Amino acid sequence: MSITEADLMRLYLNRISYNYPDIPKIPDSSSYGEAANVFSGIFGLAESDSSAFFTKLDVLHNSIARAQILSSAIEQTEDIPAQYPGELRKDISGDKVRLMQTWLYGVSIFYPMVTVPELSGVFDEKTADSVKSFQKVFSLPVTGRSDRIFWNSLYRTFAALYRDDLPTARPFSTELKEGMSSEDVRLLQQYINYIHTSLGYAPVLTETGRFGPVTAKEVTELQTLLGLPSDGIVNENTWNAISGLYLDAVIGGIKRPFQFPGEVLSVQ
């Protein structure tokens, strides 16, 4: 059974409920309404204004999806020491630049005035702009360079924002397409199956690690649903979108303390 747009909304709302535990879980499509009403109440939306509802849901989910990308970046930089490495500036590259970019990326999710850098490990123009925007927001000298004051302020801000240890997905490594066989293909198939089973559907793929026509069909359908080019090829954008849905399903299934599970409980 193919995933529908309504299923996508279920995944999004369940994922958002991790951060907003008042939103009840949605175990099936019949219990969608109560979660939607709570979501509308939290953000002051009129229940009849479906356009505002979907716009807010999409914006909020995109912010959370960026946090999922951040989780993978944090995982890749967790062994890099946080001590000040000396001044960083344009055209420098390396692990310390990647760590700084990860912190800036994380802060930008909560502070929209901080521009988003590439997580490349290269101190390029986009990174310099991100540094300057942070310096402006936090009333630091706007130099576009990472001196000790900037580094320590950025670290303290990032550390204060991120305390939860959430599941992560494997970062994109190489393009996948029909005819290939690899561990990444097997992981892709696992992600797609988990998305389906979390929605109450049967698994759709055999997790062989071989990219056959059935896998290509499922990838194409998800690309269409997510508004991506529907070519059946898993490039970085498609990998991030599918692994993002997988994390929506995993994290959306975590019930916070005292959260209503979305199902009626009774004594038998």
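Looking only at the range 115-130, count every residue that is in contact with a Ser or Thr (Cβ under 6 Å, 6 or more places away or on another chain) and closer than 19 Å to A82 by Cβ and tell me the total.
The qualifying residues number 3.
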Complete set of residues in the range 19-53 that are under 18 Å from the mean Cα position of the chain (by Cα) and either free of Cβ contacts under 8 Å to residues at least 40 places away in the same chain or surrounded by 21 or more Cβ atoms within 10 Å (Cβ to Cβ) (or both): Y20
Report yes if some residue within the range 71-78 is surrounded by fewer than 18 Cβ atoms within 10 Å (Cβ to Cβ) and either part of a helix (DSSP H, G or I) or in contact (Cβ under 8 Å) with a residue 24 or more places away in the chain (or both); otherwise report no. yes
Residue in the range 115-126 that is in contact with a Pro (Cβ under 8 Å, 6 or more places away or on another chain), charged (D, E, K, R) and under 17 Å from S153 (Cα atoms) present: no
Take I195 and tell me if it is closer than 26 Å to S17 by Cβ and modelled with pLDDT of 85 or more. yes
Residue in the range 210-229 that is nearest to Y246 (Cα to Cα), counting only those that are surrounded by fewer than 17 Cβ atoms within 10 Å (Cβ to Cβ) and of a type in the set (G, A, S): G227
Got a number for residues in the range 84-107 being in contact with a Pro (Cβ under 8 Å, 6 or more places away or on another chain) and of a type outside the set (A, V, I, L, M, F, W, C)? 3
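The values are calculated or read from the model by the stated rules, or taken from the named source; none is laboratory data. Predicted model, so just to flag it, every value in this text is computed and none were measured. Heads up, the Cβs are rebuilt from the backbone with ideal geometry, glycines too, and the neighbour counts pull from every protein chain shown.
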